[in-house]
Every structure is written in structure tokens, then in C-alpha cells.
1. Which numbered condition trips up I229, out of (1) over 30 Å from E85 (Cβ atoms); (2) assigned to a loop (DSSP other than H, G, I, E, B); (3) of a type in the set (V, I, T)?
2. Out of curiosity, is L282 within 14 Å of the chain's Cα centre (by Cα) and in the same structural domain as G452 (by the TED database)?
3. Residue check: is A243 part of a loop (DSSP other than H, G, I, E, B), of a type in the set (A, V, I, L, M, F, W, C) and in contact with a strand residue (DSSP E or B) (Cβ under 8 Å, 6 or more places away or on another chain)?
4. Search the range 283-294 for residues that are hydroxyl-bearing (S, T, Y) and pair each with any residue that is buried (at least 24 other Cβ atoms within 10 Å of the Cβ) when their beta-carbon atoms are under 6 Å apart and the residues are at least 6 apart or on different chains.
5. Going by the structure shown, is Q261 within 28 Å of L307 (Cα to Cα), in contact with a Pro (Cβ under 8 Å, 6 or more places away or on another chain) and either open to solvent by 60 Å² or more (accessible area, probe 1.4 Å) or not aliphatic (A, V, I, L, M) (or both)?
6. Given the conditions (1) among the charged types (D, E, K, R); (2) free of Cβ contacts under 8 Å to residues at least 24 places away in the same chain; (3) in a loop (DSSP other than H, G, I, E, B); (4) under 30 Å from A250 (Cβ atoms), and given that K410 satisfies all but one, which numbered condition is not satisfied?
7. Step by step: first the residues of the range 141-160, then only those that are open to solvent by 10 Å² or more (accessible area, probe 1.4 Å) and over 17 Å from N213 (Cα atoms), then the one that is farthest from the chain's Cα centre (by Cα). Which residue is that?
8. What about D304, is it over 16 Å from the mean Cα position of the chain (by Cα) and either within 28 Å of V71 (Cα to Cα) or not aromatic (F, W, Y) (or both)?
Amino acid sequence: MAMQAAFAASMFPQLAQRRGSDLAVVVAPLAPAPARVAMRSGGTAAAAAARGVRCRASLIEPDGGRLVELVVPEEGGRREAARREAAALAHQVRLGRVETEWLHVLSEGWASPLRGFMREAEFLQALHFNAIRGGDGAMVNMSVPIVLPLGDAQRRAIEASGARRVALVDAADRPLAVLSDIEIYKHNKEERIARTWGTTAPGLPYVDEAITNAGDWLIGGDLEVIEPIKYNDGLDQYRLSPAQLREEFARRNADAVFAFQLRNPVHNGHALLMTDTRKRLLEMGYKNPVLLLHPLGGFTKADDVPLSWRMKQHEKVLEEGVLNPESTVVAIFPSPMHYAGPTEVQWHAKARINAGANFYIVGRDPAGMGHPTEKRDLYDADHGKKVLSMAPGLEKLNILPFKVAAYDTKQKKMDFFDPSRKDDFLFISGTKMRTLAKNRQSPPDGFMCPGGWKVLVEYYDSLTPSADSSKLREAVAA
């Protein structure tokens with residue numbers, strides 16, 4: 001790792017000091033870190049070995065040394081037995097959309113070494129330290145709480161019965177999972193919001209969706225998920241688990257994996273940054289770097305382009321050769337979106353390490369949004385990449401800044417911004433892009449592939465002018 005970092009510094013010495021750079025690549029070492037089995041309270045290393053998945057040595061190790069997969073195996077009728085057991089439990093906790101997305105995240109090991117919804121000790125560590133302490137004392141990054149709210153009446157009923165296990169069910173009361181060795185504790189919403197977002201201003205999308213009207217208690221414990229979470233929306237083939245992604249990277253003989261998270265359509269500036277990253281990795285001596293194009297698939301705010309349309313647009317980007325399908329894996333990241341800036345970007349990076357990515361492209365104002373009540377950004381645009389470079393539990397990551405990409409009006413294409421001829425460049429914001437698409441106007445030639453732009457225009461054409469047009473239905477787990 002030191003050799004790679006030194007080589008990168010020798011290649012790009014001027015980039016280390018450049019202010020205002022738009023993107024950075026967060027680098028994790030290829031050599032496996034020392035195995036760390038970070039257990040939840042009450043667990044054992046043997047149990048982790050039994051329920052975890054050891055990863056190929058050629059890819060970076062997940063947090064804790066092995067992936068935690070919590071789905072009950074099919075063999076021997078175990079799933080059907082787990083379903084019957086869940087149905088027989090006295091207490092059922094019904095999950096909403098966001099809670100089900102977190103169940104999906106936990107079940108596949110994106111949050112390894114977590115083995116279930118957080119108990120109070122883990123919740124407090126995540127909230128105050130952006131990390132949790134493993135069984136060996138090592139800190140593992142965990143910057144957003146993954147918790148399950150509970151109402152007061154149900155809390156009283158569970159505590160009165162002395163139950164140690166509860167079933168988690170969907171909106172139709174179908175069993176999804178069993179939560180064992182449970183712990184119930186107070187849901188201090190104001191503290192959670194203030195520490196996660198740095199503000200308690202009204203209008204935070206995730207808060208409005210998943211916290212404000214949620215229960216005043218939280219229930220944590222160890223999970224057994226009855227079967228893989230499916231949405232039956234035509235996109236499940238893209239929802240690859242960390243283990244499946246690692247298998248795909250191994251099949252492609254990848255010696256480096258660089259991840260790009262996005263919740264917006266891909267324009268040619270994004271593509272330039274991704275292709276340039278691969279070029280630089282090849283120059284650093286890697287033989288087959290593979291891109292993980294990884295759109296966020298969980299909850300997003302109402303004015304974001306829905307996942308189904310984004311996936312159509314991403315398909316066009318590959319079909320039209322903007323990105324090379326031979327060196328690109330497109331998959332959906334199941335996490336809900338917090339819009340919590342530097343706090344949340346740590347979660348995004350940590351989860352991709354668990355999927356085998358050892359490079360992470362981080363942009364300007366990652367996971368950010370406009371202030372909900374003031375006309376300004378909620379977070380400093382450069383803080384995300386700075387926080388990643390010093391986040392607890394992510395010490396193995398390094399950052400190589402990249403230049404800003406903008407539209408070159410002379411060359412009629414997206415290119416890296418050249419301050420010596422700044423008047424030749426046009427910055428097309430997301431707001432501007434959406435306005436053009438809504439009005440069926442074309443962007444400058446070379447801004448986005450034609451097929452991808454057509455999908456975006458079709459999406460905005462599909463909206464009706466009714467008051468509920470911004471509340472499009474997104475897929476929920478079936």
C-alpha cells in the first residue's frame with residue numbers, strides 16, 4: 001500500500017494540494033488486512049465463522065475479516081422451518097419500506113460485521129464515534145445508525161411477556177425474519193437527528209420519511225432472515241449481494257475494483273471521471289481494474305429520478321459505449337439515502353469495501369443536499385473527501401484528488417476544467433439538467449449520450465401535473 005501511495009503521489013504531486021477539486025479516489029490496500037472477527041455483544045468467533053463467508057484473498061477483506069450473511073440457507077428445509085417458527089412467535093414487528101431496505105442491507109453483509117439491528121451500545125457508538133468497537137477492540141467504521149423503531153404499546157407488550165425473540169413481518173404480515181436476544185431502548189430522535197445531520201431543521205427527507213413519525217423506542221438483536229429480499233420490479237437481477245459481486249470480480253480476474261456511487265443519471269462528465277480513473281489505475285500497474293457502477297436503490301427524496309428510470313438510463317450509457325461493458329459491473333446498492341453529507345459518505349465507502357472495492361470515487365459534496373430552510377448547501381462541498389481521509393475505522397483508505405469536469409464549449413465535450421481558459425467551460429448543474437429535460441430541450445452535444453438523454457426526457461414526460469406528481473411509487477420488497 002505504501003508503494004502504491006508513493007507511486008500515486010509521484011504521478012500526481014500537484015493534485016494533493018489542489019483546492020476545489022471535484023472528485024477524489026479513495027484507495028484501500030489490495031493486500032488483505034489482518035483478520036478481525038468483530039462480534040456483536042454476546043457472540044463468539046466460532047459463531048461468526050459458522051455464519052460468515054470467507055472471501056477470496058485477492059480482494060480486499062470485508063470489515064471483520066469475513067462477510068456476515070444472515071439469510072437462512074435453503075438446505076434441509078431450514079427456510080420453511082424458520083418461516084413456521086416466525087409465524088408462531090407471539091410478537092410481530094411490522095416493517096415499513098425503509099426498515100425493509102435496512103433488513104436487506106443487513107441480510108447480505110453490507111454492514112459487516114453487524115449481525116442485526118443495533119442494540120443500544122452499538123447505536124451510541126455509531127452516533128457519537130461514527131464507528132463501532134469489535135470483539136477484539138478494533139474500531140470498525142459505522143457512521144449511520146441501522147436501527148428498528150418500536151411503538152410504546154408494543155414495547156410494553158413485549159417487555160411484559162418477557163419475550164426474547166420477535167418476528168419481523170411485511171405490510172401483509174408475512175414473516176421476513178426473526179430478531180433474537182432482543183434489547184429495547186429509548187429512541188432519542190432529536191439527538192439522533194442532530195448528530196447524524198448536524199441540524200434539526202425541518203424538511204430533512206429521511207427524517208420526514210423514517211424518523212419523525214416512527215416509534216419512540218428502538219429494538220435491536222441478532223437477525224435470521226428467512227429468504228433473500230426481493231422486489232419483483234424487474235430489477236432484482238441487478239441487486240447483487242457483496243458475495244455475488246466478489247464472485248463476479250473474481251470471474252473477471254479483477255486486480256482492482258473502483259466503485260462509483262450515484263443517485264442521478266450518468267452524464268459524460270461522470271463517464272470521463274470513471275474512464276480516467278481506470279486509465280490511472282492501469283498506469284499504476286494494475287492489469288484489469290473493474291468499475292462497479294453502483295446506483296443507490298433505496299429510499300431517495302421525491303425530486304430524485306426514480307431507480308427504474310435511472311437504470312434504463314445507465315443501460316443506454318453502456319449500450320452506446322460511453323462506458324465499456326467488459327470492464328464495468330452495474331449493480332444496485334440497496335441502502336436508503338440519508339442526505340447526511342460527510343457522515344453518510346463514510347457508510348457508502350465502508351459498504352463498498354465489504355463488496356470488494358478497494359478504490360472509491362468520491363465527488364464534490366457527496367451525499368449532500370441543499371439546506372431545507374435556507375438558500376445554501378447543507379454541507380461544505382470539500383468536507384466529504386476530507387472526512388474520508390481521517391475517518392475512524394477507515395484508516396486504510398487514502399485519497400487521490402481529481403480535477404473538476406465541465407463542458408468544454410470549444411471541444412464540444414465534457415473535459416477536465418482548465419482554469420487558464422475558464423471562459424471556455426460551462427458548468428451544467430443538476431438543476432439545469434432537469435430543467436432542460438422537463439422542457440424537452442437538448443443539452444449541448446457531448447454532455448450525455450443521446451439514448452440516455454432520451455430516457456431522461458421520457459421520464460419527465462411521464463409526470464403528470466397533479467399535486468402528487470412528485471410522489472412516484474418506488475418498488476418495495478415483495
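1. For I229, the failing item is (1).
2. No: the conditions fail for L282.
3. It is false that A243 is part of a loop (DSSP other than H, G, I, E, B), of a type in the set (A, V, I, L, M, F, W, C) and in contact with a strand residue (DSSP E or B) (Cβ under 8 Å, 6 or more places away or on another chain).
4. Partner pairs satisfying both residue conditions: Y286/A256.
5. yes
6. For K410, the exception is condition (4).
7. Among them, the one singled out is A160.
8. no
The values are calculated or read from the model by the stated rules, or taken from the named source; none is laboratory data. Predicted, not measured: the structure shown is a model, and the values here were computed from it. A quick note on method: Cβ atoms are made from the backbone with ideal geometry, for glycine too, and the neighbour counts reach across all protein chains shown. SASA here: full protein model, heavy atoms, side chains in, ligands and nucleic acids out. Shrake-Rupley method; radii C 1.70, N 1.55, O 1.52, S 1.80 Å.
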